[in-house]
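Okay, so here's the structure we're looking at.
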Amino acid sequence: MLLFTAFLDSVALLMIVPLLPFHATGLGGGGAVVGLLMATVPLVQLVSAPVWGRLSDRVGRKPVLLIGMTAAVVASVLLALADSLPGLFLSRVVQGVGGGTVGVLQAYVVDVTRPEARAQALGRVSAATSLGVMLGPALGALGANLGPAMPGLFAAGLGACNVLLAARFLPEAPGVVRAASEGRSSGTGDVLRVLSHPREPLARLVWTYVLAMGAFQGGTAVLSLLLASRFGLTARTVGWVYLFTGAVAVVARALLLGRAV
């Protein structure tokens, strides 16, 4: 059920991401605006993720996941209704608030998996997400043929189904709720530790991840504009490129990652 939840969540999100640059440019924005729109979600996640993590320790993983998925539904509706750049930015802020629960989902996997199987389990979650990354853009491209608002409405409908399914069938992770976050450092303290001790093993892993994801997301943010400019792709066709790259990611994460680890 957790894998299915991650899959549907990524499908709904990726129905929108490849089309967002076309939406922004249609409202008068340029490449810089597109980059800022893409950066808004992770910027908000940077603030919201530690809050969601601490809250999930207190009240449980499931309620926090449901809140995050509901926020994603609201963000999709706002995107479908947006007729201005401020409206687009508002939808991205709400998406970032809901997206901060991604770490909670990963913590849920760790809670219910034996230590020796955690790498493979997290790889399966990543593969489920990649499968959504593969199918979402294709569904978004099909929706774009029906109108500019339809991908957002489709994503909202899919997200609402995800909320209902998770509320009904996803159990709470056993033994998670704690009265307080005992023995856990604050998010600010963790950041300062990474900045002040960059040579420590954990800090090196964080910096490696920051650089790798920065390069990847920086390219992804403007990929649709590049494909439109160089190859003439449109909102109705760009999703098929994302489908191909998502398929490669599914194979790598589902078949190769666990064995490599």
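What to note about this one:
- Residues within the reach of a label modelled at VAL210 (point 7 angstrom out along Cα to beta-carbon, backbone nitrogen below 18 Å), restricted to segment 46-68, are 46-50.
- Against the criterion of solvent-accessible heavy-atom surface with a 1.4 angstrom probe, MET1, MET38 sort, most first, into MET1, MET38.
- Total formal charge among the other residues, if their Cβ is under 13 angstrom from that of ARG259, Lys/Arg +1 and Asp/Glu -1: +2
- Rounded percent of accessible protein surface that carbon and sulfur make up, the chain, 1.4 Å probe: 71
- Charge tally for VAL125 (other residues, Cβ to Cβ under 12 Å; Lys, Arg +1; Asp, Glu -1): +2.
- Accessible surface computed residue by residue for segment 119-179, with neighbouring protein chains in place and a 1.4 Å probe, gives 47 Å² per residue.
- Mean Kyte hydropathy of 0.0 or more with a Cα span along the axis of at least 15 Å, helices from DSSP in the chain: 2-14, 31-59, 61-81, 85-99, 118-144, 150-169, 201-231, 239-251
- For the chain, a Gaussian network of Cα nodes joined below 10 Å ranks ALA160, ALA149, ALA117 by mean-square fluctuation, and the top entry is ALA117.
- Averaging Cα coordinates gives a centre for segment 73-108 and one for segment 239-261; these two points are 25 Å apart.
The values are calculated or read from the model by the stated rules, or taken from the named source; none is laboratory data. None of these values were measured; they are calculated from a predicted model. Note: ideal-geometry Cβ built from the backbone for every residue, glycine included; neighbour counts use all protein chains shown. Heavy atoms of the whole protein, side chains included, go into the accessibility calculation; ligands, DNA and RNA do not. Shrake-Rupley method; radii C 1.70, N 1.55, O 1.52, S 1.80 Å.
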